[in-house]
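One structure is given here, and the rest of the page talks about it.
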Amino acid sequence: STLFNLNISGTGKPNQESAGIDNADFSTGAGNRQNITINECLINNNANRGITIRGGNALVDINQSTLTNNGGDPYGLGGNDGFGIMVREGAVVTVDNCFITNPASVTGGYNVHALATDAGASPNATLTAMDNSLSPNGNATSKLASEFTGTLIATCNWWGSAVPANITPYINGGVDYQPYITTGTD
């Protein structure tokens, strides 16, 4: 399926999986069960997460979309931080040509992560992000890319700076983020 030109805003946080878009594959069979394209969408101001993708048979491509201020008031219980895009449990996701901006602050003392992989349950997830513009939006404690488990390849992105020492604090785990784009202009 294709999600095209949608404006998704203001989803709450009744549970830890709450998101503006939640693609969840619970199938046990082999082979791709979800093949989803999210194209030219505006996903903003969702309390817990902007987009969550999970499941070993989920294949999602997110492109030319804008994700702003997602995860600023996360569910919190069990250590649940806020996320722009969270990829879990074997899902395979590509993110390209997107603008991703973290909220300026996060309530409850939690963190926010623009891009993240997390196993949750085996198998590991894979997230590949290229040609995106990522911004911490002045939030010094936020992360732009976090690889908790799984694989996060985030080369050729703009991280808000051309200075490596300014980018490193926004990276968590074994994220492959070099080389990176050295100018924020298209």
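The values are calculated or read from the model by the stated rules, or taken from the named source; none is laboratory data. No experiment lies behind these values; they were computed from the predicted model shown. Don't worry about glycine lacking a Cβ; one is built from the backbone with ideal geometry, like all the others, and counts go over all protein chains shown. What goes into the accessible areas is simple: the full protein's heavy atoms, side chains included, and nothing from ligands, DNA or RNA. Shrake-Rupley method; radii C 1.70, N 1.55, O 1.52, S 1.80 Å.
Residue-level check: of (1) closer than 27 Å to THR11 by Cα; (2) within 13 Å of the chain's Cα centre (by Cα); (3) at pLDDT 95 or above; (4) open to solvent by 50 Å² or more (accessible area, probe 1.4 Å), THR128 misses just (4). ARG49 meets each of the listed conditions (1) modelled with pLDDT of 95 or more; (2) basic (Lys, Arg); (3) open to solvent by 40 Å² or more (accessible area, probe 1.4 Å) apart from (3).
Could you check region 138-153 and list, in sequence order, the residues that are closer than 23 Å to GLN16 by Cβ, part of a loop (DSSP other than H, G, I, E, B) and without any contact (Cβ under 8 Å) to a residue 40 or more places away in the chain?
Those that are closer than 23 Å to GLN16 by Cβ, part of a loop (DSSP other than H, G, I, E, B) and without any contact (Cβ under 8 Å) to a residue 40 or more places away in the chain: ASN139, THR141, PHE148, THR149.
Among GLY10, GLY50, GLY56, GLY29, which is the only one that is out of contact with any strand residue (DSSP E or B) (no Cβ under 7 Å at 6 or more places or on another chain) and within 16 Å of ASP118 (Cα to Cα)? Residue meeting the stated conditions: GLY56. Listed conditions (1) open to solvent by 40 Å² or more (accessible area, probe 1.4 Å); (2) over 16 Å from the mean Cα position of the chain (by Cα) are all met by GLU40, apart from (2). It is to be established whether one or more residues within region 100-119 are touching a Lys or Arg at 6+ places or on another chain (Cβ under 9 Å), within 21 Å of GLY174 (Cα to Cα), assigned to a loop (DSSP other than H, G, I, E, B) and open to solvent by 10 Å² or more (accessible area, probe 1.4 Å). The answer is yes, given that some residue of region 100-119 is touching a Lys or Arg at 6+ places or on another chain (Cβ under 9 Å), within 21 Å of GLY174 (Cα to Cα), assigned to a loop (DSSP other than H, G, I, E, B) and open to solvent by 10 Å² or more (accessible area, probe 1.4 Å). Every condition in (1) surrounded by fewer than 20 Cβ atoms within 10 Å (Cβ to Cβ); (2) within 25 Å of LEU42 (Cα to Cα); (3) charged (D, E, K, R) holds for ASP176 except the one numbered (2). Looking only at region 54-71, residues that are open to solvent by less than 10 Å² (accessible area, probe 1.4 Å) and modelled with pLDDT of 95 or more come to 6 in all.
Looking only at region 136-166, count every residue that is open to solvent by less than 40 Å² (accessible area, probe 1.4 Å) and in contact with a strand residue (DSSP E or B) (Cβ under 8 Å, 6 or more places away or on another chain) and tell me the total. Working first, answer last.
Looking only at region 136-166, we keep the residues that are open to solvent by less than 40 Å² (accessible area, probe 1.4 Å), and these are 136, 139, 142, 144-147, 150, 152, 154-155, 157, 159, 161.
Pick out the ones that are also in contact with a strand residue (DSSP E or B) (Cβ under 8 Å, 6 or more places away or on another chain) and you get 136, 139, 142, 144-147, 150, 152, 154-155, 157, 159.
So the count comes out to 13.
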